[in-house]
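Engineer: First the structure, then my questions, so here it is.
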Amino acid sequence: GKADLLVTANLSRLGFWDGFSMTVHGEYNFGNSVNGRGGVLIPVNSALNFPGIEGADAYDLSSIYFVQEFGEASTVAFGKINMIDMVQGKRPFLGGAGIDGFWNLTFVAPPTGTVPAYLLGALSTVRTEHATYRLWVYDPASYVNELSLADAFEDGVTVRGSIQWPVTIAGRRGSQGLTALYSSQD
């Protein structure tokens, strides 16, 4: 099973810093998992794969991050960010964190090998009428079950930029995108 506690505090609504919010997400896994059985390469139960299932690996503060909004079109998020949470509800077949939709990691947050499940870094987004631009700078090491900043960016840095624009093909609306990534990790 899985127990979650997700808290987001919008500090501007509390009368503090305009456009500033903080998110904390705690997770605890318990019981048995089918992950690793049968020789599969991609976890079949994503909810129990992160943060883990045994001992101290079974619980984690998977997100502790801050977001600054600049109007309605631009944001910057920084801190420890659970990237599986970022996929929640974005597309019909993706998201759900292995709880509210498909369980297999391929549908929860497609594994690219370039973005850790929990990362430490900054993610910026700028939305315009014609495209959405994103620039991410993060530690290439996974921060699953890691709260210490002592080894931050010890393995290098990853810079990821993307652009996504709307398209209509045969009367159906969708989008196309281009992503480029550089990492100094060995």
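Engineer: Taking the condition among the small types (G, A, S), touching an Asp or Glu at 6+ places or on another chain (Cβ under 7 Å) and surrounded by 15 or more Cβ atoms within 10 Å (Cβ to Cβ), does A122 pass?
Structural biologist: No, not satisfied.
Engineer: What residue, among those in region 49-60 that are touching a strand residue (DSSP E or B) at 6+ places or on another chain (Cβ under 8 Å) and closer than 13 Å to A117 by Cα, is modelled with the highest pLDDT?
Structural biologist: D60
Every residue, every condition in (1) closer than 21 Å to L5 by Cβ; (2) modelled with pLDDT of 95 or more, yes or no:
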{"site": "R91", "(1), (2)": "no, no"}
{"site": "P110", "(1), (2)": "no, no"}
{"site": "L120", "(1), (2)": "yes, yes"}
{"site": "L147", "(1), (2)": "yes, no"}
{"site": "P166", "(1), (2)": "no, no"}
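Engineer: Condition first: touching a Pro at 6+ places or on another chain (Cβ under 7 Å), without any contact (Cβ under 8 Å) to a residue 40 or more places away in the chain, closer than 22 Å to T132 by Cβ and open to solvent by less than 80 Å² (accessible area, probe 1.4 Å). Now tell me which residues in region 147-182 satisfy that.
Structural biologist: Residue satisfying the conditions is S175 alone.
Engineer: Next question. How many residues are within 14 Å of M83 (Cα to Cα), open to solvent by 40 Å² or more (accessible area, probe 1.4 Å) and assigned to a strand (DSSP E or B) when one looks only at region 127-144?
Structural biologist: Final tally of qualifying residues: 1.
Engineer: A follow-up question, please. Step by step: first the residues of region 5-29, then only those that are under 23 Å from L147 (Cβ atoms) and open to solvent by 90 Å² or more (accessible area, probe 1.4 Å), then the one that is modelled with the lowest pLDDT. Which residue is that?
Structural biologist: Going through the qualifying residues, I end up with L5.
The values are calculated or read from the model by the stated rules, or taken from the named source; none is laboratory data. Quick caveat: nothing in here was measured; it's all calculated off a predicted structure. Virtual Cβ from ideal backbone geometry, glycine too; neighbours counted across all protein chains shown. Side chains are part of the model used for accessible areas, which takes the heavy atoms of the whole protein and leaves out ligands, DNA and RNA. Shrake-Rupley method; radii C 1.70, N 1.55, O 1.52, S 1.80 Å.
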